[in-house]
Amino acid sequence: MAMGKENVRVLIPQEDLERRVAELAIEISRDYAGRLGGDALLCVGVLKGSVFFMADLLKRLTVPVQVDFFQTSSYGSGTTAGEVRIRKDVDLSIRGKDVLLIEDIVDTGHTVRTVLGLLRFRGARDVRLCSLLDKVERREVEVPIDYRGFEIENLFVVGYGLDFDERYRNLPYIGVLEAEPDPPSPS
Ligand code: PRP
């Protein structure tokens, strides 16, 4: 995506994010209470976008947690479209664990499908997916989202972890990136 000057329009304000994250944390804490058998819930984020959401969510969970990360990259286009490469693997053992995969956004679905498959292959006891955003219109492969923050339209979103050219991740809200109109020419 090439762009000159950009403008960010607020799509999901900070207060709405905070409210929804708190609701998700209550739901997740309730679902996992009593099913971990003394073990911790292994929360696995996909770098880098999930970091802000994950930090806020995990601070609110009332079950014991462990934290780890994957980093992935997708091959661009053509015959390899949808092929996802693991660039950084988790450090912790997955076998026998209850794993909650945490994403900022599910777009085509290829990233989470690959990572969920890998977690199951590694012998996780149970794997669930929590994604803040769901851009459902863009889906190419079906993936069940167990905990979903917001369904959004097919817009270029930034903020709260999401970037454009590695910028905007630290915005405290989700915004839509729009090209700024050219200034009126002097008459
Ligand atoms: C984004 C996002 C998801 C993935 C979703 O990550 O954080 O991991 O793309 O896309 P998909 O559903 O089409 O697979 P990205 O690769 O842009 O890396 P980043 O999180 O470091 O920005």
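Values quoted throughout were computed directly from the atomic coordinates according to the rules given, and no laboratory measurement underlies them. For clarity, every value in this text was computed on a predicted model and none was experimentally measured. Neighbour counts run over all protein chains shown; Cβ positions are idealised from the backbone, glycine included.
What to note about this one:
- With at most 14 other Cβ atoms within 10 Å, longest stretch of the chain clear of loop chymotrypsin sites (Phe, Trp or Tyr not before Pro) (DSSP): 76-155
- For D31 and D91, a Förster radius of 22 Å and the Cβ-Cβ distance give a FRET efficiency of 0.30, rounded to the nearest 0.05.
- Loop-located trypsin sites (Lys or Arg not before Pro) in the stretch 92-138 (DSSP state not H, G, I, E or B) with no more than 13 neighbouring Cβ atoms inside 10 Å: R95.
- Relative contact order of the stretch 104-187, taken over Cα pairs closer than 8 Å and 6 or more residues apart, is 23 percent.
- Positive minus negative residues near E151 (Lys, Arg vs Asp, Glu; Cβ under 10 Å): -1
- Between helix 14-32 and the chain there is an angle of about 20 degrees, using the helix long axis and the longest principal axis of the Cα atoms.
- Fraction of antiparallel bridges per DSSP, the stretch 86-187 only, in percent to nearest 5: 25
- Note on the chain: with charges restricted to the Cβ of Lys and Arg (+1) and Asp and Glu (-1), its dipole about the Cα centre is near 720 debye.
- Net charge of neighbours whose Cβ lies under 10 Å from the Cβ of L132, counting Lys and Arg as +1 and Asp and Glu as -1: -2
- Rel. contact order, % - alpha carbon contacts under 8 angstrom, at least six apart, the chain: 25
- Unit charges at the beta carbon, dipole of the chain: most positive-side option, L171, F156, I102: I102
- Percent of beta bridges antiparallel (DSSP, the chain, rounded to nearest 5): 40
- Lysines with Cα under 19 Å of K88, excluding same-chain neighbours fewer than 8 positions away: K48
- Once exposed loop GluC sites (Glu not before Pro) are cut out (DSSP; at most 16 other Cβ, 10 Å), longest piece of the chain: 1-82
- Radius 13 Å from Cβ of D31, net charge of other residues (Lys, Arg +1; Asp, Glu -1): -2
- Put simply, the stretch 96-187 fits an ellipsoid with semi-axes of 34, 13, 11 Å; these come from the alpha carbon gyration tensor as the roots of five times its eigenvalues, largest first.
- For the stretch 1-135, diffusion coefficient by Stokes-Einstein and Kirkwood Rh (Cα), 37 °C, 0.692 mPa s, µm²/s: 204
- Here the spin labels are modelled as points 7 Å beyond Cα on the Cα-Cβ line, and at N154 and A22 they lie 3.5 nm apart.
- Prolate/oblate/rounded call for the stretch 99-151, Cα gyration tensor, a/c under 1.5 rounded: oblate
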